[in-house]
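Down below is the structure, laid out as structure tokens.
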């Protein structure tokens with residue numbers, strides 16, 4: 001592998017600093033790298049049924065070649081695995097494998113596996129180290145970075161979890177080769193998000209390089225590395241999300257409400273919900289006279305070119321209901337003392353946190369959005 | 001309430017400092033105190049069926065009088081509530097009550113409730129603040145202090161959990177009035193432990209004041225405050241138990257193995273397991289020529305006078321098996337790289353961590369101990 005292709009993003013959290021490596025062949029090199037960083041440890045791999053087929057043999061062959069002891073637990077593919085019962089199963093498998101407090105959990109998979117395995121590592125033996133090996137674009141640019149782990153509740157997404165930082169992130173570009181195009185596009189929504197939040201120059205660069213990113217040229221690695229660097233900035237500024245980190249939720253309050261309404265099913269992938277949510281955040285901001293509506297048009301055009309849905313009506317199946325969406329939003333964990341908090345925007349690259357949004361205003365806006 | 005009777009132990013953890021208050025009438029004063037420390041918050045009380053009967057009305061009346069909004073979730077009394085399914089139930093109840101990230105969980109009960117509620121607070125909405133209101137002696141002197149929370153696994157006790165510090169601990173002496181004598185004695189084992197670890201003067205003071213402590217005189221509050229101060233010293237030195245905090249496990253490796261073998265049932269309370277375990281730790285140390293055997297005699301005499309069991313044979317029911325106990329010990333979380341770690345002692349007040357105990361030696365010792 002040409003070392004030129006390896007990007008490194010350092011996350012200098014005090015006492016818990018770690019590196020995010022982005023490049024080809026990282027799975028093949030994992031064994032030697034882990035052996036060097038974690039001498040004498042054993043490894044517990046958590047993965048899902050799909051990734052076990054496509055990527056697990058690359059990782060276990062590498063661990064075996066380095067003489068590392070490992071065990072694997074496989075969960076079903078899909079968001080439904082972010083459940084209490086699956087967490088229970090993974091933690092008990094870690095204990096049954098007699099992995100000790102000093103051993104390492106490896107999360108091999110997309111966002112679901114990363115969130116579930118990271119949470120299991122946070123609570124097994126009151127906290128074990130873990131390594132993220134994200135195999136989806138979404139996980140590489142978002143969920144594997146920053147230490148948020150967790151599962152879903154019947155009351156909403158990610159309502160149960162822990163802040164638990166990984167010790168290392170290996171984002172292998174080769175893993176993206178087997179990713180279905182729909183999932184690549186969904187991950188791309190989170191890439192574009194970083195431009196929309198506070199970096200118009202990055203968004204412009206994405207507009208210029210979108211084709212190359214989708215086709216797998218060198219711009220892909222650069223796009224991922226810049227996204228990881230952007231997320232790292234927010235994590236360093238506000239690890240526990242008491243302030244600016246909330247900007248990373250641009251599009252997520254609407255998006256989560258849509259995911260809840262569609263039952264976290266294949267009707268709507270997380271990144272697709274975020275894409276529609278980001279458009280809604282721009283439209284809502286424009287409707288309040290905060291942002292120029294031509295920016296909304298530019299966002300829609302870019303996300304459409306990525307193959308992403310941009311309207312609630314783009315979601316297949318039964319029509320959604322504004323009141324249900326509002327109820328889902330009200331149960332969202334970003335609610336503080338009854339007032340609704342939204343990430344609004346003054347235009348591309350100018351997102352901000354608004355803590356006093358009136359529920360009635362949101363209901364009226366959603367009613368209009370559902371007609372579009 | 002005479003303020004003279006109030007003891008305060010300050011726990012100056014950086015950024016998360018809190019007070020442990022020990023005195024009478026703290027439940028009656030809880031409403032005003034919580035209102036002052038946590039203005040504008042809502043409260044979620046977690047308690048058990050027994051404590052709900054004996055103590056909950058005192059707390060809710062106080063919260064109501066202070067105009068504080070609160071909800072309660074009650075779990076069955078007993079160690080079996082430290083389970084994954086009960087954790088799930090408590091977390092979902094917190095979410096169903098729409099308690100927000102800034103709201104407060106109150107753990108009202110003994111060690112089981114404190115461990116379970118604290119863990120639920122650690123993971124609900126990725127971490128909520130919580131207040132310990134320990135109502136058993138064991139919880140007041142041990143489990144409510146120091147931030148260890150968690151549940152049990154079929155693989156062993158406390159194998160799943162989090163380090164999550166409370167924001168305040170209210171140890172109400174009046175709550176001990178309704179505590180069954182057997183439970184008071186079990187809690188006393190943890191009081192005596194602090195003397196045995198590194199404070200022979202405290203152990204001597206306990207020998208002198210044991211009767212007054214059991215009868216409820218002023219020495220009781222002092223014994224509890226000194227125990228909390230002792231535990232606080234260890235927590236400050238080593239919050240995550242990577243070093244000296246392990247000394248607090250004196251008697252616990254044997255004790256946990258006995259509890260696992262008796263199914264965490266009423267055959268053996270946790271403190272009773274610790275009492276037998278501390279005697280075994282002294283006997284094992286003496287058998288290795290490390291400690292004078294007259295110290296073992298002094299420990300046995302003191303614990304017997306407290307009404308505690310001191311031999312494995314004192315446990316009612318079927319005879320236990322040395323091999324099973326050893327298997328339980330080997331699954332204990334204090335195992336590091338296959339070697340057994342024990343807290344051994346050179347005599348009263350002279351405990352130390354021994355990381356290289358051979359399993360065969362423990363099996364042989366247990367075989368002898370089972371004949372006693």
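The values are calculated or read from the model by the stated rules, or taken from the named source; none is laboratory data. Keep in mind that what you see is a predicted model, and the values were worked out from it rather than measured. Cβ: placed from backbone, ideal geometry, glycine included. Neighbour counts: every protein chain shown.
Counting residues that are farther than 22 Å from residue A:341 by Cα, which helices (runs of 4 or more DSSP H) fully inside segment A:207-323 reach at least 2?
By residue number, A:218-237, A:293-305.
State which residue is farthest from residue B:69 (Cα to Cα) when the search covers only segment B:96-107 and only residues that are out of contact with any helix residue (DSSP H, G or I) (no Cβ under 6 Å at 6 or more places or on another chain) and touching a residue at least 12 places away in the same chain (Cβ under 8 Å).
Filtering segment B:96-107 for residues that are out of contact with any helix residue (DSSP H, G or I) (no Cβ under 6 Å at 6 or more places or on another chain) and touching a residue at least 12 places away in the same chain (Cβ under 8 Å), the one farthest from residue B:69 (Cα to Cα) comes out as B:101.
Looking at A:79, A:50, A:32, which is the one that is over 26 Å from residue A:235 (Cα atoms), in the same structural domain as residue A:149 (by TED's automatic domain parsing) and touching a helix residue (DSSP H, G or I) at 6+ places or on another chain (Cβ under 8 Å)?
Unique residue meeting the criteria: A:32.
Condition first: within 28 Å of residue A:340 (Cα to Cα) and without any contact (Cβ under 8 Å) to a residue 40 or more places away in the chain. Now tell me which residues in segment B:108-125 satisfy that.
Across segment B:108-125, the qualifying residues are B:123, B:124, B:125.
With respect to residue A:139, is the statement that it is surrounded by 24 or more Cβ atoms within 10 Å (Cβ to Cβ), within 11 Å of chain B (Cβ to nearest Cβ) and not in a strand (DSSP E or B) true?
No: the conditions fail for residue A:139.
Of (1) surrounded by fewer than 24 Cβ atoms within 10 Å (Cβ to Cβ); (2) assigned to a loop (DSSP other than H, G, I, E, B), residue B:158 satisfies all except one. Which?
Among (1) surrounded by fewer than 24 Cβ atoms within 10 Å (Cβ to Cβ); (2) assigned to a loop (DSSP other than H, G, I, E, B), residue B:158 violates only (2).
Can you tell me which residue within segment B:334-357, out of those that are at pLDDT 90 or above and in a loop (DSSP other than H, G, I, E, B), is surrounded by the fewest Cβ atoms within 10 Å (Cβ to Cβ)?
B:346
Are any residues in segment A:116-136 under 26 Å from residue B:124 (Cβ atoms), more than 11 Å from chain B (Cβ to nearest Cβ) and not in a strand (DSSP E or B), and if so, which ones?
Listed by number, the residues that qualify are A:116, A:117, A:118, A:121.
In segment A:15-39, what residues are modelled with pLDDT of 95 or more and within 14 Å of another protein chain (Cβ to nearest Cβ)?
A:38, A:39
The conditions are (1) outside the structural domain of residue A:30 (by TED's automatic domain parsing); (2) more than 30 Å from residue A:283 (Cα to Cα), and residue A:186 fails exactly one of them. Which is it?
(2)
Quick check on segment B:265-288. Is at least one of its residues touching a strand residue (DSSP E or B) at 6+ places or on another chain (Cβ under 7 Å), buried (at least 22 other Cβ atoms within 10 Å of the Cβ) and within 14 Å of another protein chain (Cβ to nearest Cβ)?
No, segment B:265-288 has no match at all.
Does residue A:171 fit the bill of being touching a residue at least 40 places away in the same chain (Cβ under 8 Å), buried (at least 24 other Cβ atoms within 10 Å of the Cβ), more than 13 Å from chain B (Cβ to nearest Cβ) and closer than 24 Å to residue A:251 by Cα?
No; evaluated as a whole, the condition is false for this residue.
Could you pull out the residue among B:218, B:292 that is surrounded by fewer than 20 Cβ atoms within 10 Å (Cβ to Cβ) and under 17 Å from residue B:188 (Cα atoms)?
B:218
Pairs please, first residue from segment B:208-234 and outside the structural domain of residue B:171 (by TED's automatic domain parsing), second anywhere and at pLDDT below 95, Cβ atoms under 6 Å, 6+ apart in sequence or on different chains.
Listed by first residue and then by second, the contacts come to B:228/B:145; B:231/B:145; B:231/B:146; B:234/B:245.
Any idea which of (1) under 14 Å from residue A:228 (Cα atoms); (2) crowded, with 24+ Cβ neighbours inside 10 Å is the one residue A:196 doesn't satisfy?
(1)
Residues of segment B:79-92 being closer than 22 Å to residue B:134 by Cβ and free of Cβ contacts under 8 Å to residues at least 40 places away in the same chain, which ones?
Within segment B:79-92, the subset closer than 22 Å to residue B:134 by Cβ is B:79-83, B:86-87, B:89-91.
Those that are closer than 22 Å to residue B:134 by Cβ and free of Cβ contacts under 8 Å to residues at least 40 places away in the same chain: B:81, B:89, B:91.
Does any residue in segment A:146-160 that is more than 7 Å from chain B (Cβ to nearest Cβ) come within less than 6 Å, Cβ to Cβ, of a residue that is part of a strand (DSSP E or B) six or more places away or on a different chain, and which pairs are these?
Between residues of segment A:146-160 that are more than 7 Å from chain B (Cβ to nearest Cβ) and residues that are part of a strand (DSSP E or B), the close pairs are A:147/A:163; A:149/A:161; A:149/A:162; A:151/A:160; A:158/A:150.
Among the listed residues B:170, B:138, identify the single one that is modelled with pLDDT of 95 or more and either assigned by TED's automatic domain parsing to the domain that holds residue B:331 or more than 30 Å from residue B:329 (Cα to Cα) (or both).
On the way: B:138 fails: either assigned by TED's automatic domain parsing to the domain that holds residue B:331 or more than 30 Å from residue B:329 (Cα to Cα) (or both).
So the residue among B:170, B:138 that is modelled with pLDDT of 95 or more and either assigned by TED's automatic domain parsing to the domain that holds residue B:331 or more than 30 Å from residue B:329 (Cα to Cα) (or both) is B:170.
Quick check: is even one residue across segment A:37-45 surrounded by 15 or more Cβ atoms within 10 Å (Cβ to Cβ) and under 20 Å from the mean Cα position of the chain (by Cα)?
Yes, segment A:37-45 has at least one match.
State yes or no: is residue A:80 within 30 Å of residue A:309 (Cβ to Cβ), more than 13 Å from every other protein chain (Cβ to nearest Cβ) and not in a helix (DSSP H, G or I)?
Spelling it out, it is not the case that residue A:80 is within 30 Å of residue A:309 (Cβ to Cβ), more than 13 Å from every other protein chain (Cβ to nearest Cβ) and not in a helix (DSSP H, G or I).
So, in segment B:122-133, how many residues would count as being buried (at least 24 other Cβ atoms within 10 Å of the Cβ) and touching a helix residue (DSSP H, G or I) at 6+ places or on another chain (Cβ under 8 Å)?
Residues of segment B:122-133 buried (at least 24 other Cβ atoms within 10 Å of the Cβ): B:122-124, B:130-133.
With touching a helix residue (DSSP H, G or I) at 6+ places or on another chain (Cβ under 8 Å) added as a condition, the list becomes B:123-124, B:130-133.
Counting residues in segment B:122-133 that are buried (at least 24 other Cβ atoms within 10 Å of the Cβ) and touching a helix residue (DSSP H, G or I) at 6+ places or on another chain (Cβ under 8 Å) gives 6.
Would you point out which residue out of B:72, B:60, B:49 is closer than 24 Å to residue B:153 by Cα and either within 14 Å of another protein chain (Cβ to nearest Cβ) or at pLDDT 95 or above (or both)?
Selected residue: B:49, the only one of B:72, B:60, B:49 that is closer than 24 Å to residue B:153 by Cα and either within 14 Å of another protein chain (Cβ to nearest Cβ) or at pLDDT 95 or above (or both).
In this structure, does residue A:207 turn out to be closer than 22 Å to residue A:297 by Cα, surrounded by fewer than 20 Cβ atoms within 10 Å (Cβ to Cβ) and more than 14 Å from chain B (Cβ to nearest Cβ)?
yes
Evaluate the following for residue A:150: is it buried (at least 23 other Cβ atoms within 10 Å of the Cβ), closer than 23 Å to residue B:240 by Cα and within 22 Å of the chain's Cα centre (by Cα)?
yes
Of (1) within 13 Å of chain A (Cβ to nearest Cβ); (2) touching a strand residue (DSSP E or B) at 6+ places or on another chain (Cβ under 7 Å); (3) more than 16 Å from residue B:148 (Cα to Cα), residue B:101 satisfies all except one. Which?
So the condition that residue B:101 fails would be (2).
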